[in-house]
Each structure stands twice: as structure tokens, then as C-alpha cells.
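One structure is given here, and the rest of the page talks about it.
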Amino acid sequence: MAAGGVGERAEGVSNHGTLLPRGRDSVPHSSVARGRYGRMFRELRPYLPRDETLLKLAHSMDPPMPVPGEPPPPPGSVPPGQNPEIPAGYVYVGQFVDHDITFDPASILQRRNDPDGLVNYRTPRFDLDSVYGAGPSDQPFLYDREDPAKLLIGRNRGRDQEREDLPRNVQGRALIGDPRNDVHVIISQLSLAFLRFHNAAVDRLRAKSVPEADVFEEAQRLTRWHYQWVVVEDYLRRMVGTDVLRRVLVEEPSGRRRADLRWFTWKREPFMPVEFSVAAFRFGHTQVRATYVLNAGLRPKHVLMPMHNPDPMETLEGFRPLPKGWKISWDLFFEVDETQPQLSRRIDTKMTGSFASLPPSFDPERRSLALLDLLRGRALGLPSGQAVAAHMGTSRADLGLKAPTPLWYYLLREAEVDNKGVRLGPTGATIVAEVLVGLLAGDPASYLRVAPAWRPELPSAHAGDFTMADFLRFAGVA
């Protein structure tokens with residue numbers, strides 16, 4: 001899920017940008033601590049629709065009203081709107097990725113913004129600065145004082161709280177590299193899994209008698225590289241399809257991989273394209289369910305409730321210790337075992353009801369997430385979807401769009417028509433694949449740059465591959 005994810009009230013996204021991690025890595029690092037936003041398609045004119053146009057389009061994305069007397073779907077079938085090919089947990093892998101590579105606290109919706117003047121307070125690379133922060137020297141509170149090679153795991157003390165959690169201060173706020181990774185229970189528990197994964201890597205290296213002076217940097221490399229593999233080979237493949245991925249990330253007969261980028265290019269350092277961050281990667285907003293089951297002992301919990309001060313035991317809201325009994329069973333979110341996980345919603349032009357009527361704390365005047373996304377695209381002067389598709393040679397005449405359309409909506413409609421919403425269409429898939437693979441190729445410390453023929457080396461269900469299920473197993477949370 002892209003920037004501005006589930007549960008991100010303004011109070012939770014203050015300027016908490018951090019510097020590049022300072023682990024003593026043996027692989028090269030760039031000197032940049034933050035990146036810039038920019039454009040992929042500078043030659044295309046901005047599309048600036050009127051407020052009424054955006055309001056009408058946003059309203060069209062409200063969920064369909066139930067038909068009175070309509071029978072429920074038969075047992076074992078996929079309910080309408082749900083995606084049979086993407087388990088629900090991958091939506092939050094996408095949100096975690098977004099938090100790892102983007103953070104713009106400065107731009108606003110009421111005026112035009114210049115992407116070239118916006119600062120990305122996350123490094124535009126998959127280096128997990130949202131986990132490691134500025135490193136153990138600059139931000140020691142993220143690390144275990146008794147074992148500095150490890151990240152600190154929180155221990156709640158309240159009887160109504162789960163014992164293990166993210167580390168928190170006395171007011172319940174998480175002490176982590178990016179506060180957005182505590183905006184709701186699912187992302188906070190996923191963040192905890194990353195802490196556990198690094199610590200498991202430390203234990204594994206010590207068991208192999210790796211010199212203690214090298215343990216932290218090697219555990220960091222293992223964590224980063226396996227995460228990068230999951231992002232590309234598990235998450236991205238599901239969202240764009242194998243054909244698009246293999247066109248952008250080419251595997252040579254020798255086993256080496258290289259990026260083949262046509263649209264996302266740069267001169268010195270990779271930047272964060274607004275066509276990606278404000279449009280293409282926000283497809284995740286349509287994948288969010290209204291409710292989730294966290295484990296077999298809990299009834300479903302709401303993502304959001306459209307009211308002031310909702311019952312905290314009925315919503316997944318974050319910025320608080322994990323309630324007792326709310327520990328996530330990850331087999332309900334990923335294909336960890338034979339259990340059927342919950343499914344994500346399809347990538348289409350409909351939003352869950354929770355996003356059609358946001359709580360007043362988000363924006364008292366704009367209660368629709370679809371409207372907020374559309375306004376943001378206009379504020380940053382994005383071209384229309386038709387202009388981008390024509391420029392890329394991916395135009396199609398069967399989308400039912402008679403007038404110029406905001407890029408974000410166009411890409412959702414393309415996925416809806418081209419692939420029935422199970423994955424992105426050709427324009428959206430190409431943008432997302434080129435940017436994610438391109439950021440990996442532009443990172444001097446990534447596996448793609450340091451060791452292009454590298455394969456995952458930690459235990460997995462299939463040797464030489466690594467999925468999110470393998471990640472959770474190694475972290476000891478599945």
C-alpha cells in the first residue's frame with residue numbers, strides 16, 4: 001500500500017525522517033541520507049480536472065450497495081470483490097515497502113506542488129532504514145542494550161496487553177525507525193516480524209561461529225537481501241505477473257540478473273517518481289478489506305470506523321500496545337500452511353466502505369480516501385492516464401473512459417478490465433515493476449548490484465527461493 005496507508009492520521013505521520021543506517025557493512029553505501037521526488041514523464045502535460053469532476057469520480061468508487069434478497073455466495077466460493085490470487089497479507093507487505101522507500105511530510109492538497117522540490121525523507125531504496133533507523137550509534141534506543149547486535153523487542157506489562165510487542169515508551173508509542181509502521185495492528189505486527197528476523201539472523205550467525213565483530217553487519221545484510229528478494233520475487237510477481245517481471249528483471253543464462261528499464265531512468269541517483277508514489281503504487285488502497293480476522297479466537301475487526309472515538313477493541317487502530325489475545329496468526333494472511341488465508345480485494349475501481357467514509361480525524365471536509373488520492377494527483381500535476389498509456393504504447397479502447405482520466409483511476413480501471421482485478425494492467429504493471437526493480441538496481445548495496453547471481457541462503461520451503469511465508473517462519477512468528 002502506498003503512502004498514506006490504513007490508519008495514518010495526521011498525528012502519526014509527523015516529520016520522522018531518519019538517516020541512512022550506519023552499520024559497518026562490507027558492501028558499498030551511498031552518502032545520501034534522503035532522496036528527491038521527480039517525474040518519469042516530464043514531457044507530458046499535467047491533467048488538472050475541476051473539483052466537481054474529482055468529486056463525481058470519487059463517489060463512483062463507493063462500494064456497491066447490497067441487493068435486497070440476494071443470496072450469499074455458496075460455501076467455498078470466492079466472495080464478490082475478493083482476489084483469489086493474492087492473500088490479504090501482501091497488501092501490508094506493499095504498505096511496508098512504501099514506508100521503506102517514501103515519506104513526504106511537506107506537500108499539501110490545496111496547491112500545486114513541484115515534485116522536483118519535494119524531499120523524500122526515506123532513502124529511495126530497500127535498505128530497511130524504517131527498521132534500522134540511523135544505526136546503533138545514532139539511535140541506540142532501537143537496539144538491545146544487553147545485546148547490541150540485536151534490535152530491541154518490546155515487553156508489555158499490562159494484564160490486558162500481549163507480552164511481546166514493538167518496543168514502546170510510557171505513552172504506548174512505538175520506538176521504531178518509522179512511526180507509520182505502527183498505524184494499525186497488522187503493520188505493527190509485520191514490523192515486529194522484521195525485528196525478530198534480524199535477531200534470528202544474529203543467532204544463526206553466532207551458531208556458525210561468525211566473529212562477533214562481523215555479526216551485526218552480516219545479519220543486516222542477510223535481512224536486507226532476503227527482504228529484497230521477497231519484494232521482487234514474491235510480492236511484485238503477484239502484483240504485475242511473471243511476464244512483466246521477467247521483461248524488466250532479465251535473468252541471463254549464467255544466472256545473473258539485470259534490470260532492463262525503459263521508462264524509469266536517472267542521471268546520478270535514483271529518485272522517487274510521483275507517477276509511481278501518487279498514482280501507480282496506490283493501487284493497494286483498493287485491495288484493503290473492511291474487516292480482518294487476526295486469529296481463531298477473535299471476531300473480525302474493522303480497519304476503520306467512521307466516527308469520533310470508536311471502540312478501540314473493535315478497530316485495528318495503532319499507536320498503542322497490542323491488546324491481549326490480538327497476536328496475529330499469519331496463516332490467516334499468507335500461505336504459510338494448508339490453512340486458507342483471507343484474500344485481498346481486487347485491484348479495481350471500487351473502495352471498501354471503510355475508505356468511502358473516513359473518520360473525521362483524517363480530514364473533516366474530505367471523508368473519502370478516493371477523493372484524497374485524486375486531489376493529491378492533481379496537486380502534483382500528474383498527466384492523465386490516457387496520455388501516459390499513449391506515451392508508453394499501452395493504450396486500449398475498451399476501458400469505457402470517454403474523457404481524460406486521472407492517472408490513478410485509469411490504472412485501476414485498466415487492471416479491472418485487463419485482468420479482472422487480480423493484478424495490474426500493462427501500464428500500471430510496467431510503472432510499478434520498473435520503479436521497484438530500478439530502485440534495487442540503483443542501490444549500490446543491494447544483492448542485484450553486489451551479487452547479481454545471488455540466491456537466498458536461509459532455510460526455505462524451496463531451495464534458492466524465498467517467500468513471505470519463509471520469511472515469517474525464519475522470524476519465528478509463523
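The values are calculated or read from the model by the stated rules, or taken from the named source; none is laboratory data. Note that the structure is predicted; figures quoted are calculated from it, not measured. In this analysis, Cβ positions are derived from the backbone assuming ideal geometry, glycine residues included, and neighbour counts consider all displayed protein chains.
Here's the yes/no breakdown for (1) surrounded by fewer than 19 Cβ atoms within 10 Å (Cβ to Cβ); (2) at pLDDT below 95:
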site: Ala280; (1), (2): no, no
site: Arg289; (1), (2): no, no
site: His308; (1), (2): yes, yes
site: Leu316; (1), (2): no, no
site: Phe319; (1), (2): yes, no
site: Lys324; (1), (2): yes, no
site: Ser329; (1), (2): yes, no
site: Glu338; (1), (2): yes, yes
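Checked across segment 178-188, the condition of being without any contact (Cβ under 8 Å) to a residue 60 or more places away in the chain, in a helix (DSSP H, G or I) and touching a helix residue (DSSP H, G or I) at 6+ places or on another chain (Cβ under 6 Å) holds for no residue.
This table checks each residue for (1) part of a helix (DSSP H, G or I); (2) surrounded by fewer than 21 Cβ atoms within 10 Å (Cβ to Cβ); (3) touching a residue at least 40 places away in the same chain (Cβ under 8 Å).
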position	(1), (2), (3)
Arg204	yes, yes, yes
Glu217	yes, yes, yes
Arg237	yes, yes, no
Arg262	no, yes, yes
Trp266	no, yes, yes
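The sole residue among Leu424, Leu439 that is of a type outside the set (Asp, Glu), part of a helix (DSSP H, G or I), modelled with pLDDT of 95 or more and within 24 Å of Pro270 (Cβ to Cβ) is Leu439. In segment 447-458, the residues that are over 13 Å from Val230 (Cα atoms) form Cβ pairs under 9 Å with partners that are among the hydroxyl-bearing types (Ser, Thr, Tyr) and part of a helix (DSSP H, G or I), at six or more places apart or across chains, as follows: Trp454/Tyr447.
Among what's in segment 189-202 and is aliphatic (A, V, I, L, M) and closer than 14 Å to Gly177 by Cβ, pick the residue that is surrounded by the most Cβ atoms within 10 Å (Cβ to Cβ). Step through it out loud before you land on a result.
Taking segment 189-202 as the starting set, the residues that turn out to be aliphatic (A, V, I, L, M) are 190, 192-193, 195, 200-202.
Narrowing the set further to residues that are closer than 14 Å to Gly177 by Cβ leaves 190, 192, 195.
Details: Leu190: 22, Leu192: 26, Leu195: 22.
Here the residue is Leu192.
Kindly indicate whether any position in segment 390-401 is of a type in the set (Gly, Ala, Ser), crowded, with 23+ Cβ neighbours inside 10 Å and not in a loop (DSSP other than H, G, I, E, B). Quick ask: steps written out before the conclusion?
Start the filter on segment 390-401 by keeping residues that are of a type in the set (Gly, Ala, Ser), which leaves 390, 393, 395, 397, 400.
Now restrict to residues that are crowded, with 23+ Cβ neighbours inside 10 Å: none.
No, there is no match, as no residue in segment 390-401 is of a type in the set (Gly, Ala, Ser), crowded, with 23+ Cβ neighbours inside 10 Å and not in a loop (DSSP other than H, G, I, E, B).
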